[in-house]
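These notes concern the structure reproduced below.
The values are calculated or read from the model by the stated rules, or taken from the named source; none is laboratory data. Keep in mind that what you see is a predicted model, and the values were worked out from it rather than measured. Every residue, glycine as well, gets a Cβ built from its backbone with ideal geometry; the counts of neighbours run over all protein chains shown.
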Amino acid sequence: MKIYFTIWACGFALVQAALTGQAGTAGVEQRTQSFTITLNGLVGDVTPLFGPVREAEWAPDWSPRFIYPAQGVHHEGAVFTTTSGHGNARLWLLTTYDVRNGRVEYVVMTPAFTATEIKIRVVPDSEQYCKATITYRRSALAPQGNEEVAKLGEHWAEEQRIHWETAINEALAKGGTHD
């Protein structure tokens, strides 16, 4: 546990160092956006697909590099990195992983660019289906991050809803595996 706090503190230090020397953080923006998807499975079967390991079953480009624990498992406190489509390094912390209650939450830092909180809540919808609401709250850490924050609009949410719902339901139909 001490390792994960050290790693996380280093991530915040990188953000703080990147902001030093700038004219403050005036003019940075924050936006929150949610979308809800209907999934062909039960809460206990669907929730693990939102974890850092099993997301690869429906998102073929997902390839986290685990820092803690090194073997990459689903549990609170897991720390890993990914690379954005623009080549920016992202540091992830899995803050909540509760399959029984259908909750998965992350904090994602892109140093000197954005900080994002992702909350996923999966609830029963019937005997065989569930719904998942995914909420992103993204904050710019510097003015150059405002463009990324601005992307969290209605159009973005609809694209994400269609993609996530289709990909996850396809993985569920195949037994949780992606082509």
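Things worth noting here:
- Contact map, segment 14-43: first residue at positive phi, second residue of a type in the set (S, T, N, Q) and at pLDDT 95 or above, Cβ cut-off under 8 Å, separation 6 or more or different chains; pairs are GLY27/ASN146.
- Of everything in segment 87-131 that is among the aliphatic types (A, V, I, L, M) and assigned to a loop (DSSP other than H, G, I, E, B), the residue that is farthest from ILE168 (Cα to Cα) is ALA112.
- Residue within segment 114-136 that is aromatic (Phe, Trp, Tyr) and within 19 Å of PRO52 (Cβ to Cβ) present: yes
- Matching residues in segment 44-83 - criterion: being β-branched (Val, Ile, Thr) and in contact with a Pro (Cβ under 6 Å, 6 or more places away or on another chain): THR82
- Of residues in segment 126-146 being over 14 Å from THR116 (Cβ atoms) and not polar (S, T, N, Q), the one surrounded by the most Cβ atoms within 10 Å (Cβ to Cβ): ALA132
- Selection status of VAL149, surrounded by 15 or more Cβ atoms within 10 Å (Cβ to Cβ), closer than 22 Å to LEU49 by Cβ and modelled with pLDDT of 95 or more: no
- Any hit, segment 7-26, residues being buried (at least 16 other Cβ atoms within 10 Å of the Cβ) and modelled with pLDDT of 85 or more: no
- On the stretch given as segment 27-45, residues that are surrounded by 18 or more Cβ atoms within 10 Å (Cβ to Cβ) and assigned to a strand (DSSP E or B) total 3.
- Here is the figure for segment 132-179: residues that are in a loop (DSSP other than H, G, I, E, B) and within 23 Å of MET109 (Cα to Cα) total 5.
- The conditions of being loosely packed, with under 15 Cβ neighbours inside 10 Å, modelled with pLDDT of 95 or more and under 17 Å from GLU55 (Cβ atoms) are met by THR96.
- Condition met for ALA115 (hydrophobic (A, V, I, L, M, F, W, C), over 12 Å from the mean Cα position of the chain (by Cα), more than 21 Å from TRP164 (Cα to Cα) and modelled with pLDDT of 95 or more): no
- Among the conditions (1) in contact with a Gly (Cβ under 6 Å, 6 or more places away or on another chain); (2) within 17 Å of SER34 (Cα to Cα), the only one that GLU148 does not satisfy is (1).
- Residues located in segment 46-86, provided they are in a loop (DSSP other than H, G, I, E, B) and among the hydroxyl-bearing types (Ser, Thr, Tyr): SER63, SER84
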